[in-house]
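Trainee: Before we start, here is the structure in question, set down as structure tokens.
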Amino acid sequence: MMADQPPPLEATPLLNEVPLLPHMVNGDSIQQASHPVLTPWGQLGWGCRGRRLSKPSPETKLGKDVVPSTDVIAYTEVILVQVNPGETFTITTEDGHMQCIQEPRSHGRTNFIQRDERSLKMQEHLKKRLKDRQASGHTNNKLNSPPSSPHKVVNSSSATIPNGNGKGQQGAGGALKQKQIGKTKGSPDAEMGESDTESKKCDTHLSIGKPVVSDIQARSAVLSWNLPVSSQNGESHSHSPAAFTFEVAISNSGKNGKFKSVYVGEELTITLPDLRPATDYHARVSATSSSTKEAVSELVSFTTESCEPDCPAAPRLVNRTKNSLSLQWKSSNDNGSKITNFLLEWDEGKSGPFKECYYGHLKQYKLTKLSPSTRYALRLAAKNDIGMSGFSEPVWFCTAGAVPPAPAPPTRRDCGVTWMSLNWSPPIGATPGDPLAYILDMEEEGSLFAYNSEGKSSPSEVVEHSTNPDKPGPPSKPAVKGKIHSHSVKVTWEPPKDNGGSDISKYFLEISEASAGGRWDTIYSGAQREHVCDHLRPGTAYRLRVSCVSKGGESQASDVTTVTTPAVPPGPCPAPALAGKAKPKEIPLQWGPPAVDGGSDITEYILEMADSDQDERRAVYQGPAAEFVVTSLLPGRTYSFWIRAGNRVGSPACNGAEITEYRLDWGQVEGSMHIIYTGPCQSYEVKGLTPATTYYCRVQAVNVAGVGLFGDTSVVTTPASVPAAVAVLHLLEEEQLDISAPFSTCLAIQWEEPCCHGAEITGYNIEYGEKQLVTVGRSTTHVLENLLPDTLYRIRIQAINSLGVGPFSHTMKAKTKPLPPDPPHLECVVFSHQSLKLKWGEGPSRALITNPTQFNLQMEDRFGRFVTVYNGPCHTYKVQRLSESTTYHFRIQAYNDAGEGDFSQVYAFTTTKSPPASLKAPKANQLEENTYEITWEPLQPMKGDSIVYILQLAAGREFDQPAVNVCGTRPGWLGDILVDTVHYI
């Protein structure tokens with residue numbers, strides 16, 4: 001049977017989905033296939049071997065998961081064929097009959113049902129498979145050659161949907177079985193088989209059941225699930241647990257909220273920990289393996305159980321007094337059950353076990369009847385219907401108390417050159433157990449303060465301590481004072497620039513002959529800063545140095561001063577002797593040098609001669625020789641000879657023996673003197689004398705022959721001098737003065753008159769502050785005025801006489817008091833008809849420091865006098881028991897240790913009017929159907945002020961205010977009520 005050639009088949013969406021049979025489109029008029037069936041109502045058809053094929057009923061919808069309604073019970077093999085419109089297709093049935101079916105020339109797409117989402121996804125999937133095969137060369141010649149087996153076509157098109165509106169045939173008739181016999185690797189059949197295997201893998205569906213939640217607790221739950229099941233071509237397969245990895249995710253923010261992964265592993269049952277009580281959770285389980293796609297279970301929802309509340313935060317302190325603590329706290333998370341009570345415990349201030357002090361539903365509590373300055377520990381727990389929570393962390397609060405008393409001054413325990421260790425004791429009378437801290441002020445006041453939570457104490461007494469002194473520096477280089485004598489020299493020196501922190505107690509003067517090398521001899525030790533170095537040898541060079549010592553140790557030696565004594569005439573020579581036998585007219589003489597050359601070489605000898613010891617001497621020889629022959633003598637006569645040596649200074653002149661030393665006798669009483677100097681010097685300076693005092697003195701000389709007699713007694717009177725230093729200087733207190741002085745700007749001092757030193761004291765210089773000097777008369781008290789308030793001053797004083805000013809006294813520290821405070825601004829912050837709450841200044845309701853500023857609040861009485869209504873440190877006061885609508889006058893004054901300040905201006909504040917008393921409920925009397933008369937008891941007039949009554953009507957709970965205003969004392973109202981079905985109140 002032949003048919004006309006149809007036009008080429010147009011490309012339609014179904015053509016893109018279904019692999020075409022080549023002999024369907026190659027132009028043959030008669031096509032044959034094994035058991036194909038062409039449906040007469042569309043492009044695609046299905047058939048079966050040995051079974052009758054029926055068209056689905058028009059009422060059956062072909063779509064997702066819908067099996068077409070047919071007369072066929074089961075299908076064994078299915079072939080999908082696409083033909084061109086008008087083409088004849090011939091099939092052979094099992095009984096050998098030939099059946100020719102001709103496709104209509106044209107058919108519309110009106111019978112197509114809109115595809116659902118799954119069909120579109122399947123279409124895209126089939127397109128992708130077709131492109132993959134074309135790219136790999138599997139279908140290069142497919143349109144020009146017949147398929148190797150009808151089964152290939154069937155397997156390739158097994159997911160095709162009739163008319164594009166349903167699932168593949170596999171979903172309607174079960175899984176398709178495919179036989180591949182005799183296929184070899186590399187053959188077209190084998191390649192097609194591999195693609196079919198991949199298709200099977202892709203078509204494998206993995207599913208996991210909904211998890212099950214059990215053993216739900218407040219903070220945990222047990223989640224379990226079954227192994228996933230895979231299905232391929234309608235057949236289900238089970239797997240071992242090791243083949244899958246499970247992931248559990250939970251969410252507490254709704255099914256569409258954010259999920260958090262809490263477990264990844266191979267177990268089928270887990271416990272979900274750390275859950276929140278009374279919270280809705282949603283859980284899901286996903287399973288993955290290496291051979292299948294991930295499967296996600298349905299969500300399972302559950303709610304955790306309620307439990308006891310979370311541990312609350314510790315209570316906080318909102319106010320405290322000496323005898324109470326006011327506490328507040330916040331609720332914790334109730335965990336699904338409302339908190340009904342709180343339990344507050346304390347240690348009773350004994351640091352012992354906790355005991356209950358409050359149990360109730362309030363979130364605040366005031367502990368009363370407590371001890372001042374006592375530390376209490378507290379903790380809090382919350383309770384609901386499930387149970388009691390844990391306790392909060394303990395907190396410690398201390399009740400208010402008084403500032404501590406002034407402590408005793410600190411004492412020095414140990415110290416060094418640059419450090420000091422002090423200790424002190426707690427103030428006497430301090431509250432036991434009150435934690436104290438201390439402030440040591442070493443700069444200004446030099447005092448110790450104790451303070452607690454209430455404030456700072458008064459300062460302790462001022463005490464002075466010193467660090468250990470250091471070694472002093474070397475004194476200045478010794479300097480010669482006066483004339484250098486042949487046997488003595490007077491030297492002086494200055495103290496070191498740095499005494500190391502302590503006075504120099506002793507100086508050491510050392511001497512050394514220049515020719516003696518490094519040998520030093522101490523010739524003086526004492527507190528004086530000058531010394532006469534005696535017993536020196538004339539014409540000799542000496543080196544001098546000085547050192548000092550104090551409590552800090554001994555200093556280094558000063559620089560060296562070199563002093564050379566002047567030479568003197570030589571000492572006596574030995575008596576001349578005969579140099580041979582005397583002759584009648586001449587005598588030869590010889591002599592030796594003197595024992596002492598006087599510090600200079602002998603330059604000559606002088607030989608003197610006399611007829612006897614009583615005769616006058618005459619020089620017979622003068623020269624450097626040590627022998628001489630005296631000629632022109634008379635025979636038989638006796639002659640006396642003397643020899644003297646001379647040097648560059650000259651030759652000695654004495655009464656036969658040189659004076660070796662002098663002795664000075666000194667005293668204030670003529671009959672009671674003592675020797676104060678012995679030495680070769682012919683002068684001596686006496687120190688440490690008292691001015692304007694008479695002294696007695698005398699001198700005696702000493703030579704080898706002995707001690708001579710004292711000379712005449714001399715009287716010496718020292719001249720008058722400047723006054724001595726003031727020894728006693730102190731500060732006068734206010735009660736010691738006869739006059740009233742503002743101690744904020746004044747300081748009163750007193751001193752004792754020092755010694756005048758022979759000239760009457762005429763006045764005093766007082767130095768204070770920054771070198772400010774004031775001169776006063778002979779009075780021993782003075783008030784320093786115009787000082788700065790609350791300022792520390794250093795004060796010292798010196799006496800004055802006609803000869804000058806004396807040395808300054810020691811320095812005294814004194815501090816002026818602060819100024820009396822100015823009056824604060826007064827204002828009324830709360831007005832009422834019986835009271836006025838006044839406020840002034842800025843500060844806490846109670847003072848936290850010692851001796852705070854006090855306030856004196858006064859109110860004018862009915863006689864025009866101001867009387868005190870409050871006196872204390874607070875900044876607010878409520879004046880009560882006042883009359884309504886009355887003006888009151890107030891003034892305020894501030895005072896402290898510095899004194900009382902001025903009163904403020906007068907402030908006027910007026911109380912408000914008192915509100916009317918409460919009315920009794922009105923009475924309603926119905927006059928007509930919609931008319932009522934409302935009456936009530938009137939109030940008494942209030943000081944002529946008219947009373948306005950406001951009548952309110954209410955329909956249900958909605959008030960109209962004001963509904964009616966009635967002025968004066970009218971005790972009723974008459975009106976119409978329009979709506980008689982509404983009750984008015």
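The values are calculated or read from the model by the stated rules, or taken from the named source; none is laboratory data. Computed from a prediction, not measured in an experiment: that's the story for all the values here. Quick reminder, even Gly has a Cβ in these numbers, built from the backbone with ideal geometry, and neighbours come from all protein chains shown. The accessibility values were calculated without ligands, DNA or RNA, using every heavy atom of the protein model including side chains. Shrake-Rupley method; radii C 1.70, N 1.55, O 1.52, S 1.80 Å.
Trainee: Report, by residue number, each residue of the stretch 755-776 that is part of a loop (DSSP other than H, G, I, E, B) and open to solvent by 20 Å² or more (accessible area, probe 1.4 Å).
Mentor: Cys755, Cys756, His757, Gly758, Glu760, Gly769, Glu770, Lys771 - these are the residues of the stretch 755-776 that are part of a loop (DSSP other than H, G, I, E, B) and open to solvent by 20 Å² or more (accessible area, probe 1.4 Å).
Trainee: Of (1) buried (at least 16 other Cβ atoms within 10 Å of the Cβ); (2) touching a residue at least 40 places away in the same chain (Cβ under 8 Å), Thr271 satisfies all except one. Which?
Mentor: So Thr271 meets the others, but not (1).
Trainee: Of the residues that make up the stretch 904-927, is at least one at pLDDT below 75, more than 30 Å from Lys817 (Cβ to Cβ) and among the aromatic types (Phe, Trp, Tyr)?
Mentor: The answer is no, given that none of the residues of the stretch 904-927 is at pLDDT below 75, more than 30 Å from Lys817 (Cβ to Cβ) and among the aromatic types (Phe, Trp, Tyr).
Trainee: Just wondering, is there one or more residues in the stretch 547-565 that are basic (Lys, Arg) and without any contact (Cβ under 8 Å) to a residue 40 or more places away in the chain?
Mentor: Looking for residues that are basic (Lys, Arg) and without any contact (Cβ under 8 Å) to a residue 40 or more places away in the chain, one finds none in the stretch 547-565, hence no.
Each row is one residue, and each column tells you yes or no for (1) surrounded by 17 or more Cβ atoms within 10 Å (Cβ to Cβ); (2) under 60 Å from the mean Cα position of the chain (by Cα); (3) farther than 20 Å from Pro538 by Cα.
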residue	(1), (2), (3)
Gly580	no, no, yes
Lys585	no, no, yes
Ala595	no, no, no
Leu607	yes, no, yes
Leu633	no, no, yes
Gly636	no, no, yes
Val649	yes, no, no
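Trainee: If the Cβ limit is 6 Å and pairs must be 6+ apart or interchain, which residue in the stretch 479-508 that is open to solvent by less than 20 Å² (accessible area, probe 1.4 Å) pairs with which residue that is among the basic types (Lys, Arg)?
Mentor: Filtered contacts from the stretch 479-508: Trp493/Arg529; Gly500/Lys471; Ser502/Lys551.
Trainee: Which residue is nearest to Pro312 (Cα to Cα), if the candidates are limited to the stretch 403-428 and must be open to solvent by 60 Å² or more (accessible area, probe 1.4 Å) and part of a loop (DSSP other than H, G, I, E, B)?
Mentor: The selected residue is Pro426.
Trainee: Now a separate question. Any idea which of (1) without any contact (Cβ under 8 Å) to a residue 40 or more places away in the chain; (2) loosely packed, with under 15 Cβ neighbours inside 10 Å is the one Val704 doesn't satisfy?
Mentor: Going through the list (1) without any contact (Cβ under 8 Å) to a residue 40 or more places away in the chain; (2) loosely packed, with under 15 Cβ neighbours inside 10 Å, Val704 breaks only (1).
Trainee: Kindly indicate whether any position in the stretch 888-899 is over 30 Å from Lys817 (Cα atoms), open to solvent by 70 Å² or more (accessible area, probe 1.4 Å) and in a loop (DSSP other than H, G, I, E, B).
Mentor: There is no residue in the stretch 888-899 that is over 30 Å from Lys817 (Cα atoms), open to solvent by 70 Å² or more (accessible area, probe 1.4 Å) and in a loop (DSSP other than H, G, I, E, B).
Trainee: Cβ contacts < 8 Å: first residue within 15 Å of Glu305 (Cα to Cα) and open to solvent by 20 Å² or more (accessible area, probe 1.4 Å), restricted to the stretch 274-286; second residue β-branched (Val, Ile, Thr) and part of a strand (DSSP E or B), any location; separation 6+ or different chain. Result?
Mentor: Matching pairs, first to second residue: Ala278/Thr303; Thr279/Thr303; Asp280/Thr303; His282/Ile250; His282/Val300.
Trainee: Conditions: (1) within 30 Å of Asp597 (Cα to Cα); (2) open to solvent by 40 Å² or more (accessible area, probe 1.4 Å). Glu464 meets all but one. Number of the miss?
Mentor: (1)
Trainee: Another question about this same structure. Kindly indicate the residue of the stretch 745-754 that is open to solvent by less than 30 Å² (accessible area, probe 1.4 Å) and either of a type in the set (Asp, Glu) or within 30 Å of Pro818 (Cβ to Cβ) (or both) and also farthest from the chain's Cα centre (by Cα) among those meeting that condition.
Mentor: For the stretch 745-754, the residue satisfying everything is Trp751.
Conditions (1) in a loop (DSSP other than H, G, I, E, B); (2) touching a residue at least 12 places away in the same chain (Cβ under 8 Å); (3) buried (at least 16 other Cβ atoms within 10 Å of the Cβ); (4) in contact with a Ser or Thr (Cβ under 6 Å, 6 or more places away or on another chain), marked per residue:
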| residue | (1), (2), (3), (4) |
| --- | --- |
| Tyr662 | no, yes, yes, no |
| Gln668 | no, yes, no, no |
| Met673 | no, yes, yes, no |
| Gln682 | yes, yes, no, no |
| Gly688 | yes, no, no, no |
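Trainee: Let me ask another. Can you tell me which condition Ser714 does not meet? The list is (1) touching a residue at least 60 places away in the same chain (Cβ under 8 Å); (2) exposed (fewer than 12 other Cβ atoms within 10 Å of the Cβ); (3) among the hydroxyl-bearing types (Ser, Thr, Tyr), and all the others hold.
Mentor: That leaves (1) as the condition not met.
Trainee: May I ask you to verify whether Ser740 is touching a Lys or Arg at 6+ places or on another chain (Cβ under 6 Å) and not β-branched (Val, Ile, Thr)?
Mentor: The answer is no for Ser740.
Trainee: Quickly run through the stretch 535-557 and pick out the residues that are open to solvent by 70 Å² or more (accessible area, probe 1.4 Å) and not in a strand (DSSP E or B).
Mentor: Listed by number, the residues that qualify are His535, Arg537, Lys551, Gln556.
Trainee: Another question, if that's okay. Condition test on Lys338, is it open to solvent by 70 Å² or more (accessible area, probe 1.4 Å) and closer than 18 Å to Gly455 by Cα?
Mentor: no
Trainee: OK, next. Restrict the check to the stretch 343-364 and report whether at least one residue is open to solvent by 60 Å² or more (accessible area, probe 1.4 Å), aliphatic (A, V, I, L, M) and part of a strand (DSSP E or B).
Mentor: no
Trainee: Now for a different question. Could you count how many residues in the stretch 855-871 are assigned to a strand (DSSP E or B) and either out of contact with any strand residue (DSSP E or B) (no Cβ under 9 Å at 6 or more places or on another chain) or farther than 12 Å from Trp840 by Cβ (or both)?
Mentor: 8
Trainee: Answer yes if at least one residue in the stretch 833-846 is over 30 Å from Cys755 (Cβ atoms), among the aliphatic types (A, V, I, L, M), at pLDDT below 90 and surrounded by 14 or more Cβ atoms within 10 Å (Cβ to Cβ), and no otherwise.
Mentor: The answer is no, given that none of the residues of the stretch 833-846 is over 30 Å from Cys755 (Cβ atoms), among the aliphatic types (A, V, I, L, M), at pLDDT below 90 and surrounded by 14 or more Cβ atoms within 10 Å (Cβ to Cβ).
Trainee: How many residues does the stretch 368-400 contain that are of a type outside the set (S, T, N, Q), surrounded by fewer than 19 Cβ atoms within 10 Å (Cβ to Cβ) and part of a loop (DSSP other than H, G, I, E, B)?
Mentor: Counting residues in the stretch 368-400 that are of a type outside the set (S, T, N, Q), surrounded by fewer than 19 Cβ atoms within 10 Å (Cβ to Cβ) and part of a loop (DSSP other than H, G, I, E, B) gives 9.
Trainee: Additional query: If we scan the stretch 423-435, do we find a residue that is out of contact with any strand residue (DSSP E or B) (no Cβ under 8 Å at 6 or more places or on another chain), under 24 Å from Ser460 (Cβ atoms), in contact (Cβ under 8 Å) with a residue 12 or more places away in the chain and of a type in the set (A, V, I, L, M)?
Mentor: yes
Trainee: Tally the residues that are outside any loop (DSSP other than H, G, I, E, B), loosely packed, with under 15 Cβ neighbours inside 10 Å and among the hydrophobic types (A, V, I, L, M, F, W, C), restricting the search to the stretch 717-734.
Mentor: Residues in the stretch 717-734 being outside any loop (DSSP other than H, G, I, E, B), loosely packed, with under 15 Cβ neighbours inside 10 Å and among the hydrophobic types (A, V, I, L, M, F, W, C): 1 in total.
Trainee: Could you list, in sequence order, all residues of the stretch 599-627 that are of a type in the set (Phe, Trp, Tyr) and in contact (Cβ under 8 Å) with a residue 40 or more places away in the chain?
Mentor: Correct list: Tyr605 only.
Trainee: Then there's this: Looking at (1) part of a loop (DSSP other than H, G, I, E, B); (2) modelled with pLDDT under 90; (3) open to solvent by less than 70 Å² (accessible area, probe 1.4 Å); (4) not polar (S, T, N, Q), which is the only condition Val532 fails?
Mentor: Going through (1) part of a loop (DSSP other than H, G, I, E, B); (2) modelled with pLDDT under 90; (3) open to solvent by less than 70 Å² (accessible area, probe 1.4 Å); (4) not polar (S, T, N, Q) one by one, Val532 breaks only (1).
Trainee: Something else about it: Answer yes or no: is there a residue in the stretch 809-830 that is in a loop (DSSP other than H, G, I, E, B), surrounded by 15 or more Cβ atoms within 10 Å (Cβ to Cβ), in contact with a Lys or Arg (Cβ under 6 Å, 6 or more places away or on another chain) and not acidic (Asp, Glu).
Mentor: Looking for residues that are in a loop (DSSP other than H, G, I, E, B), surrounded by 15 or more Cβ atoms within 10 Å (Cβ to Cβ), in contact with a Lys or Arg (Cβ under 6 Å, 6 or more places away or on another chain) and not acidic (Asp, Glu), one finds at least one in the stretch 809-830, hence yes.
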